[in-house]
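Here's the structure, in structure tokens; my notes come after.
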Amino acid sequence: QLQASGGGLVQAGDSLRLSCTANGRSLRNIYVAWFRQAPGKEREFVAAVHKNSGNKYYDDSVKGRFTISRDNTKNLVSLEMNSLKTEDTAVYYCAADGRLILSDVRNAPAYDYWGQGTQVTVSS
């Protein structure tokens, strides 16, 4: 079971750090990703990391502002979000899967395990 935390209400330009932890399940050897969903919109890919190789993937909308990282010793994946914009407002979900292929890393339905989501609200 995955747990996402760290959301909150911030102003444009501020930073937040989201955390994704796994209870009763190791996050080794699999992809862990962050997705987000704004009201009235579809869930969209934000970033992903492969827990073994450390390879990282980002959506163009967050590249250069967000950084995904992993700490295998703590079974933790973090998303550092800098220079936040109002359009970053959404519920952020972490997801994980042990079998998906690289071409599916940005595809939400490909992930089997999801956290409950954490709200990020960026005010102008």
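The values are calculated or read from the model by the stated rules, or taken from the named source; none is laboratory data. Source: prediction; values computed, not measured. Positions of Cβ are backbone-derived with ideal geometry, glycine not excepted, and every protein chain shown enters the neighbour counts. What goes into the accessible areas is simple: the full protein's heavy atoms, side chains included, and nothing from ligands, DNA or RNA. Shrake-Rupley method; radii C 1.70, N 1.55, O 1.52, S 1.80 Å.
Among the residues of region 59-84, those identified as more than 10 Å from W34 (Cβ to Cβ) and touching a strand residue (DSSP E or B) at 6+ places or on another chain (Cβ under 6 Å) are T67, S69, R70, N75, L76, E80, L84. Criterion applied to Y92, Y58 was being among the aromatic types (F, W, Y), under 23 Å from V10 (Cβ atoms) and open to solvent by 10 Å² or more (accessible area, probe 1.4 Å), and the one residue passing it is Y58.
Residues that are over 12 Å from the mean Cα position of the chain (by Cα) and at pLDDT below 95 within region 89-104 comprise D97, G98, R99, L100, I101, L102, S103, D104, listed in sequence order. Of all the criteria given as (1) among the small types (G, A, S); (2) within 15 Å of A22 (Cα to Cα); (3) open to solvent by 40 Å² or more (accessible area, probe 1.4 Å), the one not satisfied by S83 is (2). Could we say that N23 is of a type outside the set (D, E), over 26 Å from V122 (Cα atoms) and open to solvent by less than 60 Å² (accessible area, probe 1.4 Å) here? Here the answer is no, as N23 does not meet what is asked. Just one of the listed residues (K85, K56) is over 11 Å from the mean Cα position of the chain (by Cα), modelled with pLDDT of 95 or more and closer than 21 Å to D104 by Cα, and it is K56.
Taking region 41-91 as the range and being touching a residue at least 40 places away in the same chain (Cβ under 8 Å), in contact with an Asp or Glu (Cβ under 8 Å, 6 or more places away or on another chain) and either among the basic types (K, R) or not in a strand (DSSP E or B) (or both) as the test, the residues that pass are D59, L84. Among residues of region 95-124 being without any contact (Cβ under 8 Å) to a residue 24 or more places away in the chain and hydrophobic (A, V, I, L, M, F, W, C), the one that is surrounded by the most Cβ atoms within 10 Å (Cβ to Cβ) is A110.
When T73 is tested against the conditions (1) open to solvent by 80 Å² or more (accessible area, probe 1.4 Å); (2) polar (S, T, N, Q); (3) touching a Lys or Arg at 6+ places or on another chain (Cβ under 8 Å), the lone failure is (3).
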